[in-house]
Amino acid sequence: MEFLRPTSWGEALAAKADAPGAVPIAGGTDVMVELNFDKHRPEALLDLNRVGELATWSEEEDGRLRVGAAVPYARIIGELGGRLPGLAMAARTVGSPQIRNRGTVGGNLGAASPAGDSHPPLLAADAEIEVESAARGTRMIPAGEFYTGVKRSALAPDELIRAFHVRPAEGPQQFSKIGTRNAMVIAVCSFGLALHPSDQRIGTGIGSAAPTPRRAFEAEEYAAGELDWAGRSPLDERVARRFGELAARAAAPIDDVRGTAEYRLHALSVMARRTLTWAWKDYLNGGATACA
Amino acid sequence: MRVNFTVNGVEQTADDVWEGESLLYVLRERVGLPGSKNACEQGECGSCTVYLDGTPVCACLVAAGQAEGREVRTVEGLADGERLDPIQEAFVECGAVQCGFCTPGLLVQAHDLIERVPEPSDPEIREALAGNLCRCTGYEKILDAVRLAAARKAEAGR
């Protein structure tokens, strides 16, 4: 096994092109577990900790935030919690403080587990993933097209994840997750929601209840049409309930060690109903963004 | 491969390190610092918590090569010579140590909390220690110890 230590993005891309089987490692919170238990022995580890730019974020000219793939969860919470409240809520549920100090959204994307906590808020907020290869340059992949199967993504073997791009919240965002305790929990299932008041739209993301994280399109369209965006009248409980049913209908869960498919469907409908209720309440209170 | 890093202020060189090895293994088996405990090897239990460039992390989830050129502080580096750190004293006084296996990780994590948050509330203490498991389930005494150490630190700062 080799340990590759690029010190710039260009070197990292060159290394990945030379050794497509190299496994990128940043926080190590997923990769090292596989190594410690000898589940996987890659030809090389590609350490991204020395590529400084991956741990930075910036405001882009298009108004979006560009967040480096290796910015750890703790900094997403601390530095971006106000502008990316949905992602920050999800980040707070990741592992433990030690894990949040190391774990990254880039790693969550690279692993592409259907249970990854970042995915629902990225889907709900229309995030795009910036990936790059030495041979073909940069491409932007919408979150909705990034996940292609259980632990599979649209990332090519010679590509690396550089950043994700996302608009700062222009409306309330929520995240809800089911687990057996608050800390150190892989989601039984989870749900992310974002209100986009300027185009009277709702974004959603379902976690851990289908082969990939996915949006609940029918639920989004239904609620967007039923909500009184301009008049700001309270949410009809029947609408919230129907929204929950439609969100669950978008899922395709399985029975596994963490829960049954039936439980997941029920839990999703409850989480969708509650997150819409909370977010709409924030919206009525004039909250442009939920508090961090 | 060879890994050069600083542990508790002392420069160390570890040789014949396997590329997939963890920082925890290097600390325990190559540098001779067995204070950080090896329990779950998947970041669940917090027993291997060390400072990496001043940030608490699970040493089992840091690849050895990632520690190259970095500063690590382990539980062995908390005391000042023979004088225990206040958090260590508080653990002893409060009976927060039972079998002792979780203690090193808890000490480092609690040390960091008190450094960052001078007078932590109970929810803040619980959240900070949420990734450290004590299977003797002596959590109440551990909370007592953290409260005591925090109170003493706040008192000393006044």
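Which condition from (1) among the hydrophobic types (A, V, I, L, M, F, W, C); (2) over 22 Å from A:Gly149 (Cβ atoms); (3) surrounded by 14 or more Cβ atoms within 10 Å (Cβ to Cβ) is the one that A:Ile206 breaks?
Going through the list (1) among the hydrophobic types (A, V, I, L, M, F, W, C); (2) over 22 Å from A:Gly149 (Cβ atoms); (3) surrounded by 14 or more Cβ atoms within 10 Å (Cβ to Cβ), A:Ile206 breaks only (2).
Might you let me know whether segment B:132-143 holds any residue that is at pLDDT 95 or above and small (Gly, Ala, Ser)?
No - not one qualifying residue is present in segment B:132-143.
Residue check: is A:Gly27 buried (at least 23 other Cβ atoms within 10 Å of the Cβ) and modelled with pLDDT of 95 or more?
So A:Gly27 fits the description; yes.
Filter segment A:215-250 down to residues that are closer than 18 Å to A:Arg264 by Cβ and surrounded by 22 or more Cβ atoms within 10 Å (Cβ to Cβ), then give me how many there are.
6
One line per residue, one yes/no per condition, for (1) within 22 Å of A:Pro85 (Cα to Cα); (2) at pLDDT below 95; (3) not polar (S, T, N, Q):
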{"residue": "A:Pro213", "(1), (2), (3)": "yes, no, yes"}
{"residue": "A:Glu221", "(1), (2), (3)": "no, no, yes"}
{"residue": "A:Asp236", "(1), (2), (3)": "no, no, yes"}
{"residue": "A:Ala247", "(1), (2), (3)": "yes, no, yes"}
{"residue": "A:Thr260", "(1), (2), (3)": "no, no, no"}
{"residue": "A:Arg264", "(1), (2), (3)": "no, no, yes"}
{"residue": "A:Trp278", "(1), (2), (3)": "yes, no, yes"}
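Evaluate segment A:19-36: report whether one residue or more is in a loop (DSSP other than H, G, I, E, B), away from chain B (no Cβ under 11 Å) and of a type outside the set (Gly, Ala, Ser).
Yes, because at least one residue in segment A:19-36 is in a loop (DSSP other than H, G, I, E, B), away from chain B (no Cβ under 11 Å) and of a type outside the set (Gly, Ala, Ser).
Restricting the first residue to segment B:90-115 and requiring it to be farther than 16 Å from B:Leu148 by Cα, which pairs with a second residue that is assigned to a helix (DSSP H, G or I) meet a Cβ separation below 6 Å and a spacing of at least six or different chains?
Pairs that qualify, where the first residue is farther than 16 Å from B:Leu148 by Cα and the partner is assigned to a helix (DSSP H, G or I), are B:Pro104/B:Val75.
Kindly establish whether A:Glu145 is more than 14 Å from every other protein chain (Cβ to nearest Cβ) and farther than 30 Å from A:Asp18 by Cβ.
Criteria not met by A:Glu145.
For segment A:39-70: of the residues being at pLDDT below 95 and more than 9 Å from every other protein chain (Cβ to nearest Cβ), which is surrounded by the most Cβ atoms within 10 Å (Cβ to Cβ)?
Checking each candidate, the answer is A:His40.
Among the residues that make up segment A:199-206, is at least one of them in a loop (DSSP other than H, G, I, E, B), touching a Lys or Arg at 6+ places or on another chain (Cβ under 8 Å) and not small (Gly, Ala, Ser)?
No, segment A:199-206 has no match at all.
Would you tally the residues in segment B:59-85 being under 14 Å from B:Tyr25 (Cα atoms) and either touching a residue at least 40 places away in the same chain (Cβ under 8 Å) or surrounded by fewer than 24 Cβ atoms within 10 Å (Cβ to Cβ) (or both)?
The total comes to 8.
Go through segment A:195-222 and give me each residue that's of a type in the set (Gly, Ala, Ser) and more than 27 Å from A:Thr260 (Cα to Cα).
A:Ser198, the sole residue that qualifies.
Any idea which residue in segment B:1-10 is nearest to A:Pro42 (Cα to Cα), counting only those that are more than 19 Å from the chain's Cα centre (by Cα) and not in a loop (DSSP other than H, G, I, E, B)?
The selected residue is B:Val3.
Can you tell me which residues in segment A:82-94 are in contact (Cβ under 8 Å) with a residue 40 or more places away in the chain, out of contact with any Leu (no Cβ under 8 Å at 6 or more places or on another chain) and surrounded by fewer than 24 Cβ atoms within 10 Å (Cβ to Cβ)?
Once the filter is applied, which keeps residues that are in contact (Cβ under 8 Å) with a residue 40 or more places away in the chain, out of contact with any Leu (no Cβ under 8 Å at 6 or more places or on another chain) and surrounded by fewer than 24 Cβ atoms within 10 Å (Cβ to Cβ), segment A:82-94 yields A:Gly82, A:Met89, A:Thr93.
Yes/no matrix, rows are residues, columns are (1) in a loop (DSSP other than H, G, I, E, B); (2) buried (at least 18 other Cβ atoms within 10 Å of the Cβ):
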{"site": "B:Val92", "(1), (2)": "no, no"}
{"site": "B:Cys99", "(1), (2)": "yes, no"}
{"site": "B:Glu127", "(1), (2)": "no, no"}
{"site": "B:Val146", "(1), (2)": "no, yes"}
{"site": "B:Arg152", "(1), (2)": "no, no"}
{"site": "B:Glu155", "(1), (2)": "no, no"}
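For segment B:129-144, which positions are surrounded by fewer than 21 Cβ atoms within 10 Å (Cβ to Cβ) and of a type in the set (A, V, I, L, M, F, W, C)?
Residues satisfying the conditions are B:Ala130, B:Cys136, B:Leu143.
Please state which of the following conditions A:Ala12 fails to meet, knowing it meets all the rest: (1) farther than 25 Å from A:Asp117 by Cα; (2) more than 12 Å from chain B (Cβ to nearest Cβ); (3) not in a helix (DSSP H, G or I).
The one condition A:Ala12 does not meet is (3).
Quick check on segment B:23-54: of everything there that is outside any helix (DSSP H, G or I) and either without any contact (Cβ under 8 Å) to a residue 12 or more places away in the chain or of a type in the set (Phe, Trp, Tyr) (or both), which residue is surrounded by the fewest Cβ atoms within 10 Å (Cβ to Cβ)?
B:Gly32
The values are calculated or read from the model by the stated rules, or taken from the named source; none is laboratory data. Treat the numbers as computed from the prediction; the structure is a model and nothing was measured. Using ideal geometry, Cβ is built from the backbone for each residue, glycine included, and neighbour counts are taken over all protein chains shown.
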